[in-house]
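Asker: Dropping the structure in here first, questions after.
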Amino acid sequence: MKAIIENIQHFSLHDGPGTRTTIFFKGCPLKCLWCSNPTTQNIKKELIYKKTSCVRCGRCITVCRQNALSMKQEGDEQFVFIDRNSCITCGECADQCPADALQTIGSEYDLDTVFNIIKKDILFYQNTNGGVTFSGGEMLLHHKFVSELIKKCKTINIHTAAETSGFAPYEHVKEVLSQLDMCFFDIKHINNEKHKQITGQPNTLIIENLTRILQETTTPITIRLPLIPTINDDEEHLAAYADFLNNLPRHVTFEILPYHRLGSNKYDMMQINYKLDKIAPFSKEELSQKVQFVREKLNSIKLICQF
């Protein structure tokens, strides 16, 4: 059994309790406007280009047998352009690049290899009450692979968590989430049409899956809202979101994830436009006001937000 993984990040402190190893799987059915990991959206391997590292030698263009690379000029700037319709991500251009300006994102791993990588950090997990977190992209696109990894982790008492959009067939959701020690479940907007506008997908399946998993399992779930200026931060939406949380079938924790632009440079490396380029993150005061607004409308639900 194999899966395409974008990155395996050791010593992570933000994807669950303690020190963690986070597995970023490639592939996601959502295309969120603010996505901070655009290199995980495509389930296949991809080529990225670091413009600032390129020495413009043209060697990559010469070795490309698909004629997918060309040198382009925009104003005073010269750069290598990737025709992604022609590129087959063979990696030959990256191998020949003397400056590592071209790199292949995504590697194929088998189950045992990933498990052995996870096991290497077991002392850190034990000393910090940490573990492994399955992320992406959308880890549910690799549900069989993740399910088997969870079973292996349980044999040596490694804490397991996952981050998901919940957009998958329910049997895949239950297969994975019922085995986890905890889960982070993102809902980007309560309004179905607006959710589709900002992510490319409706939220009907997501909310149905969340409701069922809360009814049919005891897995602790933290529902997360990525809070994006002008997108989903208006009081009408926040009030509706709080009402939704108050009426869920069992207890959850709620976390607000403040908008940031830490992944915007990845769009440049993929030669695609970052659609929220003109939107600035919240000031500390603005964020505090919005968090307080939601907190006052929640009943007994714990709200978390890292300023």
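No value in this document is a laboratory result; all are computed from the given coordinates. Worth saying up front: this structure is predicted, and the values here are computed from it rather than measured. Note that we place each Cβ from the backbone using ideal geometry, even for glycine, and neighbour counts take in every protein chain shown.
Asker: Report the calculated FRET efficiency for THR218 and ARG84 (r = Cβ-Cβ distance, R0 = 41 Å), to the nearest 0.05.
Answerer: For THR218 and ARG84, the calculated efficiency is 0.40.
Asker: Run the numbers for SER300 and GLU286: contour at 0.36 nm per residue of separation, minus the present Cα-Cα distance, in nm.
Answerer: 2.7 nm
Asker: Related question: At LEU123 and ASN246, where each label point lies 7 Å from the Cα along Cα→Cβ, what is the point-to-point distance in nanometres?
Answerer: 5.1 nm
Asker: What's the lysine pair count for region 1-149 at a Cα cut-off below 19 Å, pairs eight or more apart or interchain?
Answerer: Step by step, the pairs that qualify in region 1-149 add up to 13.
Asker: Taking the Cα centre of region 215-307 as origin, work out the dipole magnitude from +1 charges on Lys and Arg Cβ and -1 charges on Asp and Glu Cβ, in debye rounded to 20.
Answerer: Here the size comes out at about 280 debye.
Asker: Here is a follow-up. Find the lysine pairs in region 252-307 meeting two conditions, Cα atoms under 23 Å apart and a separation of 8 or more places or different chains, and report how many there are.
Answerer: Step by step, the pairs that qualify in region 252-307 add up to 6.
Asker: Any chance you could run the full-extension gain for THR155 through ASP234? It's 0.36 nm times the residue separation minus the Cα-Cα distance, nm to one decimal.
Answerer: 23.9 nm
Asker: May I pose another question? For region 123-255, what is the charge dipole size about the Cα centre, in debye to the nearest 20, if Lys and Arg each add +1 at the Cβ and Asp and Glu each add -1 at the Cβ?
Answerer: 560 debye
Asker: Which log10 I(q)/I(0) values, to two decimals, does the chain give at q = 0.08, 0.11, 0.15 Å⁻¹ under the Debye formula with one point per Cα?
Answerer: Summing over Cα pairs of the chain leads to -0.40, -0.75, -1.25.
Asker: Among PHE24, HIS10, ILE48, flag the residue with its Cα farthest along the positive direction of the charge dipole of region 9-50, charges on Cβ as +1 for Lys/Arg and -1 for Asp/Glu.
Answerer: Selected residue: ILE48.
Asker: Given 0.36 nm per residue, what is the gain on full extension from ASN191 to LEU111 after removing their alpha carbon distance, in nm?
Answerer: Additional length available on full extension: 25.0 nm.
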